[in-house]
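Student: Encoded as structure tokens, here's the structure I'll be asking about.
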Amino acid sequence: MRVLYLVFNEGCTASAGEELSRVDLMAEAIRSARMLRAALPEEAEAAGLLAMMLLLWSRRAARTGADGVLVPLEEQDRSLWDVEAIEEGRYLLERADRLR
């Protein structure tokens, strides 16, 4: 889970390159976290990790402006947020809470 968290974070804010984010790393971390959760369905931390990733992923289209500069949360265009990812993330948070 620590490695998946690190891969996802590198995707959110890339330490090198021209782009702020690496969507490929974020997507791969989410794919791997889904596999982990499927293997450990009763593990609260696995559900919580996937929830966190999905909630951050849901804002990826609004995180940067046309110039590639980071847009603060309060200034993001929320119509660009991925509602399905938010709903899944919220469900997983509730599931993780019940598993604790």
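The values are calculated or read from the model by the stated rules, or taken from the named source; none is laboratory data. These numbers were taken from a predicted model, which means no experiment stands behind them. All Cβ positions, glycine included, derive from the backbone under ideal geometry; neighbour counts span all protein chains shown. In case anyone asks, the SASA skips ligands and DNA or RNA and just uses the protein heavy atoms, side chains included. Shrake-Rupley method; radii C 1.70, N 1.55, O 1.52, S 1.80 Å.
Student: Can you tell me which residue among ALA38, ALA51 is surrounded by 11 or more Cβ atoms within 10 Å (Cβ to Cβ) and over 26 Å from GLU18 (Cβ atoms)?
Tutor: On the way: ALA38 fails: surrounded by 11 or more Cβ atoms within 10 Å (Cβ to Cβ).
From the options ALA38, ALA51, the qualifying one is ALA51.
Student: Are any residues in the range 62-86 in a helix (DSSP H, G or I), open to solvent by 60 Å² or more (accessible area, probe 1.4 Å) and within 24 Å of ASP24 (Cβ to Cβ), and if so, which ones? Spell out the reasoning first.
Tutor: First, pick out the residues of the range 62-86 that are in a helix (DSSP H, G or I): 62, 73-75, 78-80, 83-86.
When the remaining residues are screened for being open to solvent by 60 Å² or more (accessible area, probe 1.4 Å), the result is 73-75, 78-80, 83-84.
The answer is LEU73, LEU80, VAL83, GLU84.
Student: Suppose we filter the range 1-55 for residues that are of a type in the set (D, E, K, R) and farther than 21 Å from ILE86 by Cβ; how many remain? Write out each step before concluding.
Tutor: Our first condition is that a residue be of a type in the set (D, E, K, R); within the range 1-55, this holds for 2, 10, 18-19, 22, 24, 28, 31, 34, 37, 42-43, 45.
Within this subset, residues satisfying the condition of being farther than 21 Å from ILE86 by Cβ are 2, 10, 18-19, 22, 24, 42-43.
So the answer is 8.
Student: Can I ask one more? List pairs: first in the range 1-26 and closer than 26 Å to GLU43 by Cα, second in a helix (DSSP H, G or I) and polar (S, T, N, Q), Cβ under 8 Å, 6+ apart or cross-chain?
Tutor: Going by the 8 Å Cβ cut-off, the qualifying pairs are LEU4/SER32; VAL7/SER32.
Student: Select, from ALA33, ALA62, the only residue that is in contact (Cβ under 8 Å) with a residue 12 or more places away in the chain and under 12 Å from the mean Cα position of the chain (by Cα). So that I can check it myself, show each step before the final result.
Tutor: On the way: ALA62 fails: under 12 Å from the mean Cα position of the chain (by Cα).
Result: ALA33 is the single residue among ALA33, ALA62 that is in contact (Cβ under 8 Å) with a residue 12 or more places away in the chain and under 12 Å from the mean Cα position of the chain (by Cα).
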